[in-house]
Amino acid sequence: MGKSVAIIGTGQTRHGRRQDVCYPDLVKEAVEAALEDAGITLKDVDGVVLGTMPSMMEGVSSTHFYFAEAMGSVGKPVLKVETCGSTGQSIGHCGFFWASSGMADIVLVVGSEKMSEGDGQATMNTVFDPFFQRTFAAGAPGVFTMQSMEWMYRFKIPEDKGREAAAMISVSNHDNAMDNPHAHIRTRVTMDDVKNARIITYPVRLLDVCPASDGACAVIFASGDKAKKICKKPAWVKGIGFRGEEFFYGESDKAIWMSATEAAKEAYSQAGIKDPLKELDVAEVYNPFTYQEMIFYECFGFCPRGKAPDYVLKGTFKKGGRLPCGPSGGTLCTNPIGATGLIRMAEAALQVTGKAGARQVEGAKLALSHAMGGVDQFNGVTILGSEQ
Amino acid sequence: MSIEKYKIVEGQVKVTYELALGRTWSHFYDCFKEGKIMGTRCRKCSRVLVPPRSFCPRCFEDMDEWVEVSDEGIIETWVYVNMPFFAQETKIPFISAQIRLDGCDSGFTHIVGGVDMSDLDKVRAAVKLGGRVKAVWSREKKGSIRDIEYFEPVK
Amino acid sequence: MRKVAITHVAQSSGAESRESLMDFTYKVNKEILDKAGLKREEVGCIIAGSADIFHSGLSCANAYDWDGIGAFMKEGSRAEESVFSFIYGCMRIMSGRYDTVLVTAIVKGSENPDNDPITCFYGDPFYLRPLGINESSVAAMQMRQYMNRYGVTEEQCAKVAVKNLGNALFNPYAHVKKRVGLEDVMRSRRLYDPLKEMECAPKSDGVVAVLIASEEKAKELTATPAWLKGYGCSMDYFNPGDRDLLNGQLKAAAARAYKMAGIRNPEKNIDVAEICEPYAFQELIWCEQLGFCNEGQGGELIDSGITEMDGSLPVNPSGGVLATNPYPARGLYRVAEAALQIKGQAGEHQVGKKVKTALAHSTHGFGGQCHSVVILSA
């Protein structure tokens, strides 16, 4: 086997509408924060990985050129890895493999997006093929809503029960975001606020949906020996999994969602996890949509198929519950897409190293982080732990 | 140095592509223009896929057996779209749906029409998961996805 | 570090294909799996190399790539530049987690806008882009500086196009197949003076796949593995005005690759090189910076005939990027061609001498903002 790998530092920008900075400066903010957190300088970095959403998002192509100075990569080897919404997890995985391969000791991984500068949903629509599906696609909300409807129908989840559980997820994520100084949306909402919010794509309402954020995240990976030398409390990479289904939406069963299920299974088997609900202490699930978050719970084995609403209503995934999900406020309150999956990983690292501040889950030792991409096509999962 | 107001530059990008449909999809649209929906069948897993494929993504084998599927099927799922965005090709509000055509093993993306869109409750009464729908073909067909205007609930 | 080798190569022609991008991708991947006698399920993981919207009209190109590269429900990823995909695939094997990785680079230039309007979008929206700066205009400025600083002549630069297009006649996969003389190149349109039309790479279609494997697996799969010996990459400053265009990051990238491969005298140790030269004169500068000759001696290098197909250090026997330019895939084409030379499977463009060590190079960005160097050996 290759070298073990740990995360030795993380950094995030203040996420939100950031018209006070140009795009490279936003990236630099996250990189500087991560270097400071790890207590290293750019001189110590052997390689840099960048990932963002496609160029159409901000209208600049191949941003690893544009960000060369901002991400500290001048004179260094770089890799640019992208897999749509799952980019954040994929670049983290790349950082892992680079350090594990022995080709580098310290790898800086950067994810970013400046969504206020373009049209996110118009961009998402160009993920669909131009010949068949693009004409009738309605960006991410259209697809995620269709998937949620199919899931509720399949498992005979009554509409008001689904509605109640989804609203509860929105309320608890918004509550959690109040504890996170980086979060974009920091306002408390009530169950009624969610249920009466403007319809986006029925039955999904405004407060069931993530915002479009500007933000960047940087995570520093180190080979095991190096990590032990320079970091008191690294977050160890215990398991990673990534799977993708067919391109055309409609070909795979999205109520069961095998890419999400199998990516988690792969990561669990590497991490030696048999009963995730029992063994995991915290999860950062990629949740741009409340309804969809429940499908992930089922795919990840947090509860049986079709039972997620029951578990949500019992408070299983709330702060203080059996398996707190999204103590950061999640994607629902902050979504700079290219950074989002990496933010999940950074938040999981903060949790298992006890550095999550007001959003800390007491005594967290094992955490799941996740991101999803494409038209419900890709899922990436990373398990981090406090022990090697 | 103090900045009174941060500056924003507005810009639009327009680039033109010429995207090739290739053999399989060209044939699909030739038939579509004649009012037929064609899929291909995988000889190994025997699934019939629409849009047709020249190869099966799962078995990674050529798929060259053509099969005509019905223009009627079941709604697997649907979404009421009332969200505008740049370069949207279909006017809102509209209903996007996955339709499992009879004789086909994948969902076909299209729109559901012929229902009263003025009120969401009326839409919900008319469009049901598992409900049957049938294609309403355009009078003038051009060999594009719009040759079917929409799918309409079967009463 | 685990050893990694390229076991098989498959590629499409660079000429315009009428296939859809998806079918075009599938054919090459099917071919390489058949060659290796592997089923898609037996491959450890799959890495795509493709660029998004500007190079495909599709955002998140990995989504569309996925079926054609055989990645359904497999572990995989995608990197934007194809040599990035290659080295990422190698890292996955070095990590000990996989024994085989399929790396595929994909683009259909025939469907896309021209190279210049696309590379224009590398520019930032505030300074460079409004000025109409693109890869070709920066290259022309670089060429003028090069000729001015070292006295290299326009004719010497044009000779690169004559040599490479001549080599392309022997490569069945090459896109531009045209015998040209020095006069033809010199008289071709001055699109970005001093750069002339025939000195600029075309816009090609291209799918190229390489199968890489761990030591044990490679020996099982092929009698002629091409081993990865060295890799180096380096990134330069963004703004062309912030750098010396004649002294970029290629030296740094090469130094890393040579160190890893234990190469002290590249001119002697390397038997053949596949270099990314979207602009003819760049082959000369890159050869200097790779240590094939001294600084400023690129003109004499081409005059000497050393880099001809039958020379002591053939450069671009495949015809290079000047003959075939599937932009994001062109780097992996260089790696694939270097591997074919080592395997002795380059066919009519197999170089005369015995190839033990081959170099593949890739660059992209204004004036070569980023360079990667790969060393393969028998």
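Just so you know, all these numbers are worked out from the coordinates, no wet-lab data involved. Just so we're clear, the structure is a prediction, and the values are computed from it rather than from any experiment. Ideal geometry is used to build each Cβ from the backbone, glycine not excepted, and the neighbour counts take in all protein chains shown.
Here are a few things to note about the model shown:
- Hey, C:Ala257 in contact with a Ser or Thr (Cβ under 7 Å, 6 or more places away or on another chain) and among the small types (Gly, Ala, Ser) or not: no
- Here A:Phe128 fulfils each of the conditions (1) surrounded by fewer than 24 Cβ atoms within 10 Å (Cβ to Cβ); (2) more than 8 Å from every other protein chain (Cβ to nearest Cβ); (3) of a type outside the set (Val, Ile, Thr) apart from (1).
- From A:Gly102, A:Gly142, residue being on the phi > 0 side of the Ramachandran plot and within 10 Å of another protein chain (Cβ to nearest Cβ): A:Gly102
Yes/no per residue for (1) away from chain A (no Cβ under 14 Å); (2) without any contact (Cβ under 8 Å) to a residue 12 or more places away in the chain; (3) surrounded by 23 or more Cβ atoms within 10 Å (Cβ to Cβ):
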site	(1), (2), (3)
C:Ser214	no, no, no
C:Glu220	yes, yes, no
C:Lys229	no, no, no
C:Gly232	no, no, yes
C:Asp242	no, yes, no
C:Lys259	no, no, no
C:Glu267	yes, no, no
C:Phe281	yes, no, yes
C:Cys287	yes, no, yes
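- When C:Gly70 is tested against (1) in contact with a helix residue (DSSP H, G or I) (Cβ under 8 Å, 6 or more places away or on another chain); (2) small (Gly, Ala, Ser); (3) more than 7 Å from chain A (Cβ to nearest Cβ); (4) not in a loop (DSSP other than H, G, I, E, B), exactly one condition is not met: (4).
- When the residues of region C:292-306 are filtered to those that are among the small types (Gly, Ala, Ser) and surrounded by fewer than 21 Cβ atoms within 10 Å (Cβ to Cβ), the one that is farthest from C:Ala158 (Cα to Cα) is C:Gly296.
- Enumerated helices (runs of 4 or more DSSP H) restricted to region A:213-310, each holding at least 3 residues that are out of contact with any Leu (no Cβ under 9 Å at 6 or more places or on another chain) and of a type in the set (A, V, I, L, M, F, W, C): A:258-271, A:290-299
- Each residue in region A:248-297 was checked for being more than 14 Å from chain B (Cβ to nearest Cβ), of a type in the set (Lys, Arg) and either in contact with a Gly (Cβ under 9 Å, 6 or more places away or on another chain) or crowded, with 22+ Cβ neighbours inside 10 Å (or both), and 1 pass.
- Taking residues in region A:196-208 that are more than 8 Å from chain B (Cβ to nearest Cβ) and under 13 Å from A:Gly162 (Cα atoms), and partners anywhere that are of a type in the set (D, E, K, R) and crowded, with 21+ Cβ neighbours inside 10 Å, the pairs with Cβ atoms closer than 9 Å and at least 6 places apart or on different chains are A:Pro203/A:Arg163.
- Flag for A:Glu29 being facing another protein chain (nearest Cβ under 9 Å) and surrounded by fewer than 24 Cβ atoms within 10 Å (Cβ to Cβ): no
- Filtered residues of region A:32-79 (kept if hydroxyl-bearing (Ser, Thr, Tyr) and more than 8 Å from chain C (Cβ to nearest Cβ)): A:Thr41, A:Thr52, A:Thr63
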